[in-house]
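All remarks here apply to the structure that follows.
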Amino acid sequence: MQRKQKPKFGQNFLTDDGARHAIVDALGDPGKRTVIEIGPGHGAITKILAGRCQRLIALELDRTLAAELTFRFRDQPQVQIVEGDVLKTDFRTLVAEGETADVIGNLPYYITSDILLQLFAAGSAGLIARAVLMMQREVADRVSAAPGVRDYGLLSATAQMNAQVENLFTLPPAAFSPPPDVYSTVLRLQFAPRFAELGVDAAGFNSFLKRCFAQKRKTLQNNLRAAGYSAEQLSAAWPASIPPQARAESLALEPMAEFYRALPKVETVSLH
């Protein structure tokens, strides 16, 4: 018996018909909108989207799959297949000036965080309004985790500074071919950056969050001391809303922003 050839990039293609319709339905009505699909594969979701949205741009890294899709959708001018790496794609070149796009896709587990960061930047720039994304369940749990639970960390805080996150549903390995070793969860993100609302600058606050979550088992105070803040600086700025021995994962974004606003700017801090 001939052995099936493994996908070139280790892809796991969605084959569950109900799941692919549920994922597209989660976008709402994209009838007059541009949708950017990340990693269309063999076009299981592309096929549905092509008949629903005004314009569909499908980004596919695999040259063979990109060629397959280009041929398959050759008679549908609203569908544009782009062979390329999403991490090297400038979303400003895909979205018309003054408009926003929606994003949909199954994110490879090894670059999920990198893609999310790129989407957050595009959302902050007003290029993306919402996204429906499938990713490894463990990563999705971290993205959607609330403060105070074990999964809450830097990825959670960063995601929730940039978007309203909804955990929609989880799919078993059997929904894919070949079946992966993990479950996959679909999230919906409504991009709504909170930097202005919380009175913080994006670059500085993102850097502050990285320092706060640098070592999960350390207290917030110890992580910031390791980042170069002095005991005196921390004491002078420490908000009453944060317990002295608190860890970053126990804190909501509001007290974190309050603390950041009271601290000296990072340029004035001697970093080790």
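The values are calculated or read from the model by the stated rules, or taken from the named source; none is laboratory data. Just so we're clear, the structure is a prediction, and the values are computed from it rather than from any experiment. FYI the Cβ positions are ideal-geometry reconstructions off the backbone, even for glycines, and counts take in every protein chain you see. Side chains included, ligands, DNA and RNA excluded: accessible areas come from the protein's heavy atoms. Shrake-Rupley method; radii C 1.70, N 1.55, O 1.52, S 1.80 Å.
Observations
- Comparing mean-square fluctuations of Asp25, Asp181, Asp85 from a GNM of the chain with C-alpha springs under 10 Å, the top value falls on Asp181.
- Summing Lys and Arg as +1 and Asp and Glu as -1 over all other residues whose Cβ lies under 10 Å from the Cβ of Gly41 gives a net charge of -4.
- Region 63-150: projected area of the alpha-carbon convex hull, averaged over directions, in nm²: 7.2
- Solvent-accessible surface of the chain, taken per residue with a 1.4 Å probe and all protein chains present: 51 Å².
- Think of it as helices only: each DSSP H run of n ≥ 4 in the chain is worth -39500 (n - 2.57), and spread over all residues that comes to -9000 deg cm²/dmol at 222 nm.
- Residues considered: Leu87, Leu107, Leu133. Largest GNM mean-square fluctuation over the chain, using C-alpha springs under 10 Å, is found at Leu87.
- Largest first, the extents of the alpha carbon coordinates of region 1-157 on the three principal axes equal 51, 50, 30 Å.
- Length added when fully stretched, Lys218-Lys32, from 0.36 nm per residue minus Cα-Cα: 62.1 nm
- Where Cα atoms sit under 30 Å apart: lysine pairs in the chain separated by 8 or more or lying on different chains: 13
- Bins of 10 Å from zero: percent of alpha-carbon pairs in region 176-218: 19, 25, 30, 19, 6
- Which of Leu198, Gln118, Gly153, positive extreme of dipole for the chain (C-beta unit charges): Gly153
- Cα gyration tensor category, rounded, prolate or oblate, for region 108-175 with a/c compared to 1.5: oblate
- Across region 180-187, rounded Karplus estimates of 3J(HN,Hα) from the backbone phi angles (6.51 cos²θ - 1.76 cosθ + 1.60, θ = phi - 60°) give x, 8, 10, 7, 10, 10, 9, 10 Hz, Gly and Pro being marked x.
- Label sites at His21 and Glu254, each approximated as a point 7 angstrom past Cα along Cα to Cβ, lie 4.2 nm apart.
- Using θ = phi - 60° and Karplus 6.51 cos²θ - 1.76 cosθ + 1.60, couplings along region 69-78 (whole Hz; Gly, Pro as x): 5, 4, 5, 4, 9, 4, 9, 10, x, 6
- Put simply, the amide H of Gln80, placed in the peptide plane, has neighbours under 5 Å in Leu56, Ile57, Ala58, leaving out anything fewer than 5 places away on its chain.
- Accessible-area composition of the chain, carbon plus sulfur, in percent [1.4 Å probe]: 50
- Converting phi to 3J(HN,Hα) with the Karplus coefficients 6.51, -1.76 and 1.60 and the offset θ = phi - 60°, region 143-156 yields 4, 9, 5, 8, x, x, 9, 4, 7, 6, x, 4, 5, 4 Hz in sequence order, with x at every glycine or proline.
- A simple spin-label model places the labels of Ala146 and Thr64 4.7 nm from each other, with each point 7 Å out along Cα-to-Cβ.
- Calculated P(r) tail over 18 Å for region 102-257, as whole % of Cα pairs: 60
- Square roots of 5 times each gyration tensor eigenvalue, C-alpha, the chain, largest first, Å: 39, 20, 16
- With the convex hull of the Cα atoms taken as the outline of region 194-257, the averaged projected area works out to 4.2 nm².
- Within the listed set Ser113, Ser241, Ser184, the Gaussian network model of the chain (springs between alpha-carbon atoms below 10 Å) gives the highest mean-square fluctuation for Ser241.
- Part-to-part distance (alpha-carbon centres) for region 46-89 and region 195-255, which is given in Å: 43
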